[in-house]
Amino acid sequence: MPRKILIVEDNANNRRLFSDILTFHDYEVSEAIDGQDGVDQARKLMPDLILMDIQMPGMDGLTAGSILKGDPATACLKIIALTSFAMQGDREKFLEAGFDGYLSKPINTRELPEQIKQWMDGGEAILNRVEMA
Ligand code: MN
């Protein structure tokens, strides 16, 4: 059974990029367009991994991630923060919110699949950052 990834990202181009790469690597990909949509879909789908953009209109990713991590029903979900280059110093905030890792945008599209696989396999690849291409 293909493993499920939920992409929560307000930027349509980024959603498409992640979706294309991960679909190509045989993941079952779902998309949400903001934090609230992400929380709703995560509860419904219970994906194996969530890629959570931080800066989104409406409910931001930090809030959405905190809600999921604070709810016993969804606390087990793995959540990776998608941050812009300028937010790299905010690592502690993601840790506090319970995020399992983070990726800096723009992402390295060649390294993404391996990074995703490491997180999926639940190794100790916690808070790895993919370097910019
Ligand atoms: Mn955004």
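Ala12 to Gln55: extension gain in nm, 0.36 nm per residue of separation minus the Cα-Cα distance?
Result: 14.1 nm gained on full extension.
In terms of modelled amide H atoms, which long-range or inter-chain residues lie less than 5 Å from the amide H of Lys78?
The list, which skips near neighbours in sequence, is Ile50.
For Lys4 and Asp90 in one chain, what is 0.36 nm times their gap in residues minus the Cα-Cα distance, to one decimal in nm?
28.2 nm
What is the ratio of the Cα radius of gyration of the range 1-73 to 2.2 N^0.38 Å, with N the residue count, to two decimals?
So the range 1-73 has a normalised radius of gyration of 1.03.
To one decimal place, what Kirkwood hydrodynamic radius in Å is obtained for the chain from all pairs of distinct Cα atoms?
14.3 Å
Using modelled amide H (1.01 Å from N, peptide plane; none on Pro or chain starts), what sits under 5 Å from the amide H of Glu28, excluding residues fewer than 5 places away?
Arg3, Lys4, Ile5
Assuming R0 = 22 Å, what is the FRET efficiency of Glu114 and Arg43, from their Cβ-Cβ distance, to the nearest 0.05?
0.15
Read the figures in this text as sums done on the coordinates, not as results from a lab. If you're wondering where the values come from, they're calculated on a predicted model, not measured in any experiment. Cβ coordinates were reconstructed from backbone atoms using ideal geometry, including for glycine residues, and neighbour counts include every protein chain displayed.
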